[in-house]
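Report on the structure given below.
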């Protein structure tokens with residue numbers, strides 16, 4: 001058995017080769033001379049010998065695919081199956097490129113198959129060949145396609161299939177896959193297209209809205225998606241069955257999701273807010289054409305839409321799928337596959353795999369880590385409070401990005417665990433135990449670090465203590481203010497004073513300057529009740545940093561203050577009412593710190609915190625009234641009351657609602 005495959009190193013092609021390798025025979029792959037390295041990489045990945053996969057030099061844009069007569073002669077009459085997969089599968093590609101690749105490329109493939117006297121020709125088409133047919137499109141239909149002339153992708157897929165039907169003298173079979181997504185086993189993809197264009201928008205929604213929230217979604221026509229492994233297996237199986245020539249096969253989901261169903265599945269996989277009410281996009285088709293045209297011509301409407309779509313990475317062409325009118329009947333394909341154990345898996349069974357692979361490999365967040373890697377390359381980054389919570393999450397990010405991480409906290413065992421986790425990620429970390437509430441211990445540790453590492457390029461003052469207690473319960477607890485100030489203010493100041501002189505000097509290797517990042521609190525901006533000890537200590541460090549910033553800026557030392565919102569860490573665990581409050585995850589808090597390492601801003605804050613600071617400047621008495629209402633809604637903790645009145649710590653419905661409105665603020 002011998003095979004000839006075009007597009008072998010493409011997405012579907014790689015999976016098809018994997019299937020064909022399970023059969024006996026040689027696989028000849030059309031390749032440009034400049035792309036032979038891709039085939040070598042694929043052979044190595046598949047564990048295929050050179051005698052199983054053989055390159056044939058050619059060009060899709062040339063007659064007979066540009067294959068020399070000398071290469072045709074030894075293959076003449078020996079090719080059992082000619083698979084033509086090479087094409088442009090891209091809604092956004094220009095019309096000329098699509099015509100050359102999809103239509104003329106198919107014509108040239110037919111010419112070569114005829115010259116080789118191949119026994120079967122297999123054309124990988126697409127459901128796009130149906131255009132925008134309204135209703136049920138069967139496997140026997142072709143000329144019935146509708147509204148394909150206005151879209152280059154639809155048109156070229158329709159015409160390329162027409163070339164096979166009208167011009168191919170070799171017995172042919174046509175395969176029309178749905179929107180092909182990643183492997184149902186691994187999620188593997190090779191580029192972003194189709195449904196993946198919406199993944200970034202869903203991720204953005206998740207990052208700004210808590211998962212428990214419910215949002216208005218959008219519904220519409222069917223989105224027929226199929227995993228690439230199903231397509232490859234079905235194509236391989238059908239190609240080797242007898243008496244099926246001259247037919248088209250719909251490699252589609254017989255029970256496809258609608259737009260709304262797919263969005264619900266994706267938001268669930270992303271742990272994003274679930275839509276509880278869907279607006280059907282098809283209702284827009286009922287609007288008068290003159291009205292929709294007028295709306296699109298409103299000043300700036302098109303520009304604003306273009307900017308929003310560009311920010312989310314969604315091409316305009318994708319909106320056609322919101323109201324897609326076609327249902328693809330695959331009854332005959334399902335009959336052929338019956339008994340083969342090859343069937344379309346339900347989207348719900350593999351959507352999590354798709355999301356996880358995309359987020360690991362294609363999410364724009366990957367770019368953040370590349371920027372972070374450039375920002376901290378070759379630098380020593382000290383992180384206090386690195387044994388848990390925000391500090392640990394930040395240390396893992398910095399270690400994975402290539403920074404040399406100095407881990408500081410009291411608990412040596414937990415620091416060693418963090419060190420091991422960083423090393424598992426391929427990073428480098430060092431443990432330096434220190435009691436950051438003890439000035440002499442800080443001095444010892446700082447000298448130790450400078451002797452061992454030479455300098456600290458980035459200092460993250462993250463370790464801290466929070467005390468939540470009303471002033472009425474604090475009259476005889478002056479020590480609360482002392483110990484909070486000791487760790488949150490005097491500790492970081494002592495550490496800065498110990499490390500700053502070296503930061504201001506130029507090192508032997510030419511390094512100079514440094515970056516000090518202080519993890520402050522949203523409470524400094526919003527002046528929240530019950531946190532007078534905590535907020536005062538953070539405010540003191542903020543003021544200290546503002547004052548020294550102007551003294552060291554010409555030495556290349558930058559200071560950044562991060563007004564962190566409420567984060568779910570061990571520090572807030574004793575306050576049980578926080579269990580029902582919306583909080584930021586430590587990984588998201590670490591992201592704020594890592595962004596600060598890249599951009600070196602003076603301040604980092606949330607929209608709510610910045611609004612609170614402005615409100616206090618404009619109407620301080622009014623803010624006091626609002627905060628007083630919050631003060632009355634939230635009880636003191638059990639610990640603040642000395643273990644008495646345990647029921648009083650349970651939050652009321654009103655207090656939970658209040659906390660959600662002012663998301664991220666400590667109460």
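Just want the ordering: 434, 18, from fewest to most Cβ atoms lying within 10 Å of their own Cβ. Spell out each step's value before the answer.
Numbers: 434 23, 18 17.
Result, fewest neighbours first: 18, 434.
Just grab the label-to-label distance for residue 165 and residue 628, each label 7 Å out from Cα along the Cβ direction, in nm (one decimal).
7.9 nm
Label points 7 Å out from Cα along the Cβ direction at residue 190 and residue 369: separation in nm?
Reported label-point gap for residue 190 and residue 369 is 2.3 nm.
Within a 10 angstrom radius of the beta carbon, how do 39, 65 rank from fewest other beta carbons to most? Numbers along the way, then the final one.
Details: 39 20, 65 25.
If I rank by nearby Cβ atoms, fewest first, I get 39, 65.
Expected output is a single nm value to one decimal: the length gained when fully extending between residue 588 and residue 36, i.e. 0.36 nm times separation in residues minus the C-alpha distance. What is it? Walk me through the numbers before you get to the answer.
Numbers: separation 552, 0.36 × 552 = 198.72 nm, distance 4.26 nm.
Working it through step by step, the gained length comes to 194.5 nm.
For the stretch 1-92, just say rounded, prolate or oblate: build the C-alpha gyration tensor, square-root its eigenvalues into a ≥ b ≥ c, call rounded for a/c under 1.5, and beyond that prolate if a/b exceeds b/c, oblate if not. Don't skip to the answer; put the middle values down first.
Working: a/c = 1.43, a/b = 1.01, b/c = 1.41.
Taking the square roots of the gyration eigenvalues as a ≥ b ≥ c, the stretch 1-92 is rounded.
If neighbour count is taken as other Cβ atoms inside 10 Å, put 159, 482 in order from fewest to most. Walk me through the numbers before you get to the answer.
Details: 159 19, 482 11.
With the sparsest Cβ surroundings first, the list reads 482, 159.
Please say if the stretch 124-258 is rounded, prolate or oblate, where rounded means a/c under 1.5 for a ≥ b ≥ c the square roots of the C-alpha gyration tensor eigenvalues, and otherwise the choice is prolate for a/b larger than b/c and oblate otherwise?
Taking the square roots of the gyration eigenvalues as a ≥ b ≥ c, the stretch 124-258 is prolate.
How many nm separate the modelled label positions at residue 144 and residue 450, each set 7 Å beyond the Cα in the direction of the Cβ?
Between residue 144 and residue 450, the simple spin-label model gives 8.3 nm.
From the Cα gyration tensor of the stretch 375-501, with a ≥ b ≥ c the square roots of its eigenvalues, which class applies: rounded if a/c is under 1.5, or else prolate if a/b is larger than b/c, or else oblate? Don't jump to the answer; show the numbers that get you there.
On the way: a/c = 2.45, a/b = 1.71, b/c = 1.43.
Here the stretch 375-501 falls in the prolate category.
Using the alpha-carbon centroid of each, what span in Å lies between the stretch 439-474 and the stretch 476-555?
A separation of 9 Å, based on Cα centres.
Roughly speaking, what is the stretch gain from residue 610 to residue 49, that is 0.36 nm per residue apart minus the C-alpha to C-alpha distance, in nm to one decimal? Before the final figure, lay out each step's value.
Details: separation 561, 0.36 × 561 = 201.96 nm, distance 6.23 nm.
Taking residue 610 through residue 49 to full extension adds about 195.7 nm, to one decimal.
No lab work stands behind these numbers, since they all come straight from the coordinates. Since we're looking at a predicted model, the values are computed, not measured. Using ideal geometry, Cβ is built from the backbone for each residue, glycine included, and neighbour counts are taken over all protein chains shown.
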